[in-house]
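First up is the structure itself, then whatever we jot down about it.
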Amino acid sequence: MTFLEFRAVHKQYGDHEVLAGVDLSIERHQVVTLIGSSGSGKSTLLRCANALEPITGGQVRLDGDVVSGPGVDLDRLRRRVGMVFQSYNLFPHMTVRDNITLAPRKVAGRPRAEADARADELLERVGLAGRADYYPDQLSGGQQQRVAIVRSLAMDPEVVLLDEITSALDPELVAEVLTIVRELAHEGMTMMLATHEMGFAREVADLVVFLDDGVILEQGPPEQVLADPVEARTREFLRTVAPAAGGTV
């Protein structure tokens, strides 16, 4: 059964249509990678999945429930759908532990001790044990992005959205973040991620989706879309990112 579904999803900003009727079905435990040029609609589609951006047409469904439009319980939706942003979005005046436990305590109502224990467990898992009392500016970019991933996982989401999470990192820090995502994929976490890391997409994705000018131009398994694309526009895009793809993990 389809777990996360976009039905004829449109998104407009004034007269500019960013998403022009997107249809996409994602199964539970599937890893879907969104690729495409900047401005193609990748980030907007992710943000529509957990209602950070309200859609202007169509429907988004999660496990059969409509999660777009008026009347959606946003707190419940964001407990089920985690998101990790390109720019970390950590609160600079809060410790790592407080950044991670804020939503579990305030939104999910978990006791402080339980939230703290879960944060410590997750930090150890991503190699950041002992950093709980640090502030974000005491961490490297890669460490901050790992904290951002932990913050999302602390809510025990059913699906995680990742928006170009390595694009703000120095190249030597990319691998440490992608290692965490790779582990989540192997554990069966349902994920939808926008990335320019073609080598990584080839490794972890079950489905690669190529967006161009707000529409899905091509989708399929990575060995087809990335190695033998049908559409000329897909081939053109992959030629532009081929040099970078050679350096991915």
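Brief remarks on what is shown
- Any hit, region 156-172, residues being assigned to a helix (DSSP H, G or I) and either closer than 22 Å to Glu5 by Cα or modelled with pLDDT of 90 or more (or both): no
- Residue that is farthest from His29 (Cα to Cα), among those in region 57-74 that are surrounded by 18 or more Cβ atoms within 10 Å (Cβ to Cβ) and in contact with a Ser or Thr (Cβ under 9 Å, 6 or more places away or on another chain): Gly58
- Close pairs from region 5-22: first touching a residue at least 40 places away in the same chain (Cβ under 8 Å), partner of a type in the set (A, V, I, L, M, F, W, C) and surrounded by fewer than 14 Cβ atoms within 10 Å (Cβ to Cβ), Cβ under 7 Å, at least 6 apart: Gly21/Ala8
- When Ser152 is tested against (1) in a helix (DSSP H, G or I); (2) of a type in the set (Ser, Thr, Tyr); (3) more than 26 Å from Ala185 (Cβ to Cβ), just one condition goes unmet, and that condition is (3).
- Scanning region 1-50 for residues that are over 15 Å from Gly64 (Cα atoms) and part of a loop (DSSP other than H, G, I, E, B) yields Gly14, Asp15, His29, Gln30, Gly36, Ser37, Ser38, Gly39, Ser40, Gly41.
Results for (1) surrounded by 22 or more Cβ atoms within 10 Å (Cβ to Cβ); (2) hydrophobic (A, V, I, L, M, F, W, C); (3) assigned to a strand (DSSP E or B), shown as yes or no for each residue.
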residue	(1), (2), (3)
Glu176	no, no, no
Ile180	no, yes, no
Met191	yes, yes, yes
Arg202	no, no, no
Leu211	yes, yes, yes
Leu217	no, yes, yes
Gln224	no, no, no
Arg233	no, no, no
Val241	no, yes, no
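- Which numbered condition Gly71 misses (of (1) assigned to a loop (DSSP other than H, G, I, E, B); (2) at pLDDT 95 or above; (3) not hydroxyl-bearing (Ser, Thr, Tyr)): (2)
- Qualifying residue in region 43-51 (condition: in contact with a helix residue (DSSP H, G or I) (Cβ under 8 Å, 6 or more places away or on another chain) and surrounded by fewer than 19 Cβ atoms within 10 Å (Cβ to Cβ)): yes
- Among the residues listed as Ala108, Ala129, Ala117, the single one being touching an Asp or Glu at 6+ places or on another chain (Cβ under 9 Å) and either among the acidic types (Asp, Glu) or free of Cβ contacts under 8 Å to residues at least 24 places away in the same chain (or both): Ala129
The values are calculated or read from the model by the stated rules, or taken from the named source; none is laboratory data. This is a predicted model, so every value here is computed, not measured. With ideal geometry, Cβ positions are generated from the backbone for all residues, glycine too; neighbour counts draw on all protein chains shown.
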